[in-house]
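Here the structure is laid out as structure tokens; the discussion comes afterwards.
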Amino acid sequence: MNEKFKKIKLIAFDFDGVMTNGYVYVDENGKESVRCSRRDGLGIAMLKKNDINVIVISKEKNPVVSVRCKKLNIKCWQAVEDSNAKLDILKKVASDMDLSLDDMAYVGDDLNDEEALRNVGLAITVQDGHEKIKKVCHYITKAKGGEHAVREICEEILKAKGFLLNF
């Protein structure tokens, strides 16, 4: 497993259920909000500091995704309807960055992440990911989605590559 983590040059995250706990809060005016982990944000910053690229590919088109990704200074794609479309984005990013899919990790938690997970070098899901998705993944986090699972993954990649866990 360490070798798979060591090879990663880019990691793509689903948003809902990975960077959040999968719940959405809706107020009486229809405004949505979610809870994200600041620890995850620091983990992403540590990856970027060590030249590991990070992107988000989300099914939902929601301003909260854009705002969070802007704050983390990472590129995101939204309103990606199905598993094949997520894979298409990964292929395009790989081509644009002169990477192979084997150089990439994808983190997803639900059925619409399956094709992306099946085609990357390192497939990861969160502890509370869908059972079918767990069967296609190389690594399942100890943490649930939205509960510092992203940070766990970031640290695994950094440790495998021999980087110190500092900022």
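A few points about this structure:
- Residues of the range 44-83 with amide N under 20 Å of a point placed 7 Å along Cα→Cβ from LYS31: 61-71
- Antiparallel %, DSSP beta bridges [both residues in the range 10-167], to 5: 10 percent
- Cβ-isolated cysteines (cut-off 4.7 Å), the chain: CYS36, CYS137, CYS154
- Residue-span extension gain [ASP82 to ARG118] - 0.36 nm each, minus C-alpha spacing: 11.6 nm
- In plain terms, the chain from MET1 to ASP98 could stretch by 32.5 nm, reckoned as 0.36 nm per residue minus the Cα-Cα distance.
- Mean Cβ count within 10 Å, highest first, over the residues of peptides 114-126, 4-16, 52-64, 70-82: 114-126, 4-16, 52-64, 70-82
- Among (1) 14.7, 49; (2) 16.1, 52; (3) 15.2, 42, the entry derived from the coordinates for Rg and Dmax of the Cα atoms in Å: (1)
- Take every pair of alpha-carbon atoms less than 8 Å apart whose residues are at least six positions apart; their mean separation over the length of the range 19-103 yields a relative contact order of 19 percent.
- Helical contribution to [θ] at 222 nm, DSSP H n ≥ 4, -39,500 (n - 2.57), averaged over the chain, rounded to 500: -11000 deg cm²/dmol
- Each distinct pair of alpha carbons in the range 69-167 adds a 1/r term; the inverse of their mean, the Kirkwood radius, is 14.3 Å.
- With 21 Å as the limit, the listed pairs LYS49/LYS75; LYS9/LYS92; LYS31/LYS59; LYS4/LYS70; LYS7/LYS61; LYS61/LYS86 have LYS4/LYS70; LYS7/LYS61 beyond it between alpha carbons.
Each reported figure results from applying straightforward, stated rules to the coordinates on display, with no laboratory input. As the structure is a computational prediction, the values presented were derived from the model and not from experiment. We place every Cβ from the backbone using ideal geometry, glycine too, and count neighbours over all the protein chains shown.
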